[in-house]
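Scroll down for the structure; my scribbles are underneath it.
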Amino acid sequence: MVEDDSACVLRLPLLPDTEHARLLAFNATETAFDAELCIHQLFEQQARLRPEATALVFEQECLSYAALNARANQLAHHLRALGVGPDTRVAICLPRSTEMVVALLATLKAGAAYVPLDPAYPAQRLAFMLEDCRPRVVLSNAALLDQLPATRSLSRATLLDITLAQLLQGQPTDDLPPSARRLHPAHLAYIIYTSGSTGLPKGVMVSHRGLCNLAQAQIRAFDAQPDSRVLQFASFSFDGCIFEVVLALAHGASLVLPVHGPLVGEALVACIDTHQITHAILPPAVLAGLPGEAQLPGLKTLVTSGDVSNAALVARWSSGRRLLNGYGPTESTVCATTYVCDEQQLLTPPIGQPIANTRIHILDAWGQPCPIGVAGELHIAGAQLARGYLNRPEFTAERFVPDPFGAPGSRMYRSGDLARWRADGSLDFLGRNDHQVKIRGFRIELGEIEAALQACPGVREAVVLARQDGEHKRLVAYLVAEEESASPEALRTQLSTRLPEYMLPAAYVRLPALPLTPNGKLDRQALPEPDASALGTSAYEPPQGPLEETLAALWCELLGLAQVGRHDDFFALGGHSLL
């Protein structure tokens, strides 16, 4: 203060030099790795080292590293002939299958960035993603290509049904030489669309360098070996999928793709046991839903991420295996921190320490480092950082800011998450500082749902909250609207054309006006609990017979309801597959 008597008090550093140095020591994560490699080259190395080892398992099909590499090379040569190259985009719209992995690898080998399109997404969302990313090529199958919405970008793109065997006949099976690709690790590897706070999804641009750094960090943290078998659990449209692909194929392990259908509960246990899975990445809600008698003795490494874990899960699943709690937004190439859980953990486990070549800063509202034990916003810097948002320079500038603690020109990502340092250098996750929430592992911007609601005819105002009902969290919409257009059934039907299923509110509460605080802001605390009418249930008719009565009682217990009628819909009442 004496040095600068004009300084704002709130901007004065709170930390003495010794404690600031201690915080910087938590970020001593520098680790050497080959910064000139691209991610597919790690797979190609494994194909040369162990060509006959099993790379991919799907249903009754097993592909060796040599066979998978040859098929991906054929498609890569074809893509190059179509003009695909560095930073061009290839959209992939395929179900979980061998072709999905071949398309991903081929796109990377050809030098382009892949853009996953979930076939289950509404046409309006797919149309936006196609127009935004403007792909050079769309890889799919005949049935799905016919279902894609007509857009200008789609009409300009080359559409390929890669299930046709004759498509790649005569194409070389050898790796493309690096000179043919003109590819650098700073070029894009993929673009993943996340929920957008403005009502539009944002495409996060991730480079090869971030993925290669992730691969080398996985070696230390997850111990994938040539005899490991990695479960491909995550949806292709989420970045957890590439995490699983890299964990297997960059380290010589086998990637196991389960058959179609919900992979939860007993079906998940059976899949892990049948395929002798050794490595899996599962959200906490999925782990909590596994049968009580499940042991999974063959599972050596289990990573839980995507939502907040708890002591009960750690106590159950850390015995007899390596259990890690992971954290990382899409903007930091899937994973930023990890923590090896201890089965004696009595409290919520921390999210751990930064992975290799990653730095974490916990800053207050004025950009000053927070002392140990004090909450602040989590910022991420280092090799994991994404390039930014596709076609959204204003959001890129808002979230990817200069890093005052790094080298000149370096950046850090403002995550919007709240955290605090522990004395041992681990981080406690404390939630969000905005309206973004996580439900069952899905990261959701409530603003996107609100924007979709306000686009429905007759809706004047809309607010969406994530309400905690016992152990379960659900989305509840509050709206000011005309009566005839505000029925839960009508709104759910309209929203289903704009939003994925996991973003549809479970309840819709119509109000004459939204409650406000004395200073004119929305009073979220005054928003009422939804009742049966908000769930869109049909006229009550009591269950008939012992079977219906038992089922209704179970639904009441699971969903926290006073009564359930024989014509009610489990999902419309707020249920979901994990229940």
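The values are calculated or read from the model by the stated rules, or taken from the named source; none is laboratory data. The shown structure was predicted, so the numbers you read here are calculated from the model rather than taken from an experiment. Virtual Cβ from ideal backbone geometry, glycine too; neighbours counted across all protein chains shown. The protein model used for the area step is the full one, side chains on, heavy atoms only, and it has no ligands, DNA or RNA in it. Shrake-Rupley method; radii C 1.70, N 1.55, O 1.52, S 1.80 Å.
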Inter-part gap, Cα centre of the stretch 403-468 to Cα centre of the stretch 72-131, in whole angstrom, is 28 Å
Output ordering of 220-227, 544-551, 2-9, 458-465 (per-residue mean of other Cβ within 10 Å, highest first) is 458-465, 220-227, 544-551, 2-9
Just need the relative contact order of the stretch 150-292 here, percent rounded to a whole number, with Cα pairs under 8 Å and 6+ apart.
17 percent
Checking the stretch 40-131 for GluC sites (Glu not before Pro) in a loop per DSSP with at most 15 other beta-carbon atoms within 10 Å yields E52, E59
Between [x] 44; [y] 56; [z] 41, which entry matches percent of Cα pairs over 34 Å apart as derived from the coordinates of this structure?
[x]
For the stretch 317-379, report the convex hull volume of the alpha-carbon atoms normalised per residue, in Å³, without decimals.
110 Å³
Please list 163-175, 341-353 highest first by mean number of surrounding beta-carbon atoms within 10 Å per residue.
341-353, 163-175
Note to self: C-alpha centroids of the stretch 364-397 and the stretch 523-579 sit apart, in Å, by 41 Å
Relative contact order (%) - criterion: Cα under 8 Å, at least six apart; region: the chain
12 percent
As a test question: what accessible area, to the nearest 10 Å², does I162 have when a 1.4 Å probe is rolled over all protein chains in place?
20 Å²
Which of the three applies to the stretch 27-107, rounded, prolate or oblate, going by the alpha-carbon gyration tensor with a ≥ b ≥ c and a/c under 1.5 meaning rounded?
oblate
How high is the relative contact order of the stretch 8-101, in percent, counting Cα pairs under 8 Å that sit 6 or more residues apart?
16 percent
Heads up, the stretch 329-481 by the C-alpha gyration tensor (a ≥ b ≥ c square roots of eigenvalues; a/c under 1.5 rounded, else a/b over b/c prolate, else oblate) looks oblate
Net charge near L299: determine it from the other residues with C-beta under 12 Å of the C-beta of L299, scoring Lys and Arg +1 and Asp and Glu -1.
+3
Any idea how far apart E131 and A267 come out in nm if each label point goes 7 Å out from Cα toward Cβ?
3.4 nm
Rounded to the nearest 500 deg cm²/dmol, what is the calculated helix-only ellipticity per residue at 222 nm for the chain, with -39500 (n - 2.57) per DSSP H run of length n ≥ 4?
-8000 deg cm²/dmol
Residues other than K202 with Cβ under 12 Å of its Cβ, Lys/Arg counted +1 and Asp/Glu -1, net out at -3
